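Here is the structure we will look at.
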Amino acid sequence: MPLITAPVITPVQPPIEIPPPIEVPEVGYASITYVDPAGGRWPMTDLTADWYTLAEGVSGLGAAKYTITSDPHPRGGARLRHVQPQPRTIVWPVLVKGRDHLVFTENWRDLGRAFTRTLRLGPGDRRPPGRLEVARPDGTMRWIETYYWDGWDGRGQAATGITWDSAIVTLWCEDPYWVDAQAVTVHRETGTQSDYLVPYPTVSSSQVLGATTLENPGDVEVWPVWKITGPASKITFTREDTIADGVDTSASFTLDMARAGRGPLLAGQTVTISTDLARVRSGTGENLVGGLNWPEAELWSLPPGTTPVTFQLDGSGPSSAVDLEFYPRYETA
């Protein structure tokens with residue numbers, strides 16, 4: 001039988017710099033940092049620094065926007081058919097200054113480059129996003145990935161552009177949801193198995209069967225990453241839930257090592273399954289996505305709240321284990 005353990009919150013390393021918290025519209029009392037694609041950290045709420053956010057005019061930090069599709073109802077009104085979350089735009093006014101014109105110019109150029117470099121191609125011909133981090137006084141943090149859209153222009157007024165100026169930057173977010181900086185992890189492993197003849201004839205299953213409830217503390221669904229540690233020959237994960245109106249929303253997927261064209265996982269060997277986008281990799285980087293039971297496989301997401309889940313490992317042994325990891329996602333910062 002498997003040993004069932006409780007979900008564990010795994011803390012991440014704190015940011016290198018946390019600026020002083022201030023009151024920000026749509027957020028409240030918080031410390032905010034912009035992280036550029038190169039990893040440079042730009043504190044945005046330190047009013048003693050040479051750049052900081054102007055609270056007046058900040059917007060786009062609240063709930064995501066949605067497009068709703070509906071069908072007319074014969075008795076009047078309409079019925080909701082589909083809801084589509086839209087990309088988020090954040091308006092971010094910034095003041096930049098310097099003790100003299102040269103220092104101001106350097107700060108203005110550097111910060112502008114930190115925003116606009118999100119539009120430059122990086123490794124793998126991908127445009128790496130920046131990240132806006134919102135930290136609370138209690139130590140919690142949420143972040144969102146951003147791309148520069150518009151606005152790195154000065155005010156063009158008398159006295160600006162010498163030792164100070166301001167810009168109203170618009171940032172565009174592919175994913176409109178805020179992500180928790182701390183991952184939720186869940187660990188399951190095989191319990192002690194019995195020898196057939198000690199102390200008397202005993203049957204010990206070669207399958208690890210687990211039934212448990214997972215909790216997503218966020219506001220919206222997440223797509224977990226699963227890591228399986230051998231021995232195991234076939235792995236099946238099933239989400240077994242039914243929504244309130246009786247509609248069955250259960251889903252499952254199976255990874256068969258034989259179907260992937262290789263032998264079973266041995267003790268200590270691992271395979272990682274990402275559910276968004278679909279990817280299956282061995283611990284040595286081998287692509288095993290062909291081992292999924294396509295087309296029936298549904299790499300399911302985890303909705304907010306509690307969800308009953310079962311998993312099964314065929315060919316398991318004493319060191320077999322399953323680890324799940326996801327980062328909760330939220331409507332607001």
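The values are calculated or read from the model by the stated rules, or taken from the named source; none is laboratory data. Nothing here was measured: the structure is a model prediction, and the numbers come from that model. Here the Cβ positions follow ideal geometry from the backbone for every residue, glycine too, while neighbour counts run over all protein chains shown.
Checking each residue in the range 41-80 for being without any contact (Cβ under 8 Å) to a residue 40 or more places away in the chain and of a type in the set (Asp, Glu) picks out 46, 56, 71. Among the residues of the range 81-123, just one is closer than 20 Å to residue 149 by Cβ, free of Cβ contacts under 8 Å to residues at least 24 places away in the same chain and of a type outside the set (D, E, K, R), namely 121. Among residues of the range 258-268 being out of contact with any Asp or Glu (no Cβ under 9 Å at 6 or more places or on another chain) and either crowded, with 17+ Cβ neighbours inside 10 Å or of a type in the set (A, V, I, L, M, F, W, C) (or both), the one that is nearest to residue 312 (Cα to Cα) is 265.
Applying the criterion of at least 3 residues that are over 30 Å from residue 85 (Cα atoms) and in contact (Cβ under 8 Å) with a residue 12 or more places away in the chain to the strands (runs of 3 or more DSSP E) found wholly in the range 214-333 leaves 234-239, 305-314. Here 147, 177 are screened, and the one residue that is touching a helix residue (DSSP H, G or I) at 6+ places or on another chain (Cβ under 7 Å) and either among the charged types (D, E, K, R) or surrounded by 15 or more Cβ atoms within 10 Å (Cβ to Cβ) (or both) is 147.
If you go through the range 84-94 one residue at a time, do you hit one that is modelled with pLDDT of 95 or more, surrounded by 19 or more Cβ atoms within 10 Å (Cβ to Cβ) and part of a loop (DSSP other than H, G, I, E, B)? Scanning the range 84-94 turns up no residue that is modelled with pLDDT of 95 or more, surrounded by 19 or more Cβ atoms within 10 Å (Cβ to Cβ) and part of a loop (DSSP other than H, G, I, E, B). Determine, yes or no, whether residue 34 is at pLDDT below 90, in the same structural domain as residue 163 (by TED's automatic domain parsing), assigned to a strand (DSSP E or B) and in contact with a strand residue (DSSP E or B) (Cβ under 6 Å, 6 or more places away or on another chain). The answer is no for residue 34. The residues on offer are 79, 99, and the sole one that is touching a strand residue (DSSP E or B) at 6+ places or on another chain (Cβ under 6 Å) and either within 21 Å of residue 160 (Cα to Cα) or exposed (fewer than 10 other Cβ atoms within 10 Å of the Cβ) (or both) is 79. Here the range 276-311 is the region considered, the condition is being β-branched (Val, Ile, Thr) and in contact with a strand residue (DSSP E or B) (Cβ under 7 Å, 6 or more places away or on another chain), and the residue that is nearest to residue 211 (Cα to Cα) is 310. For the range 44-70, a residue qualifies if it is modelled with pLDDT under 95 and acidic (Asp, Glu), and the qualifying residues are 46, 56.
Considering every residue within the range 40-51, establish whether at least one is part of a strand (DSSP E or B) and either β-branched (Val, Ile, Thr) or in contact with a helix residue (DSSP H, G or I) (Cβ under 7 Å, 6 or more places away or on another chain) (or both). The answer is yes; a qualifying residue exists.
Looking at 237, 253, just one residue is within 29 Å of residue 182 (Cα to Cα), buried (at least 17 other Cβ atoms within 10 Å of the Cβ) and out of contact with any Leu (no Cβ under 7 Å at 6 or more places or on another chain), and that residue is 237.
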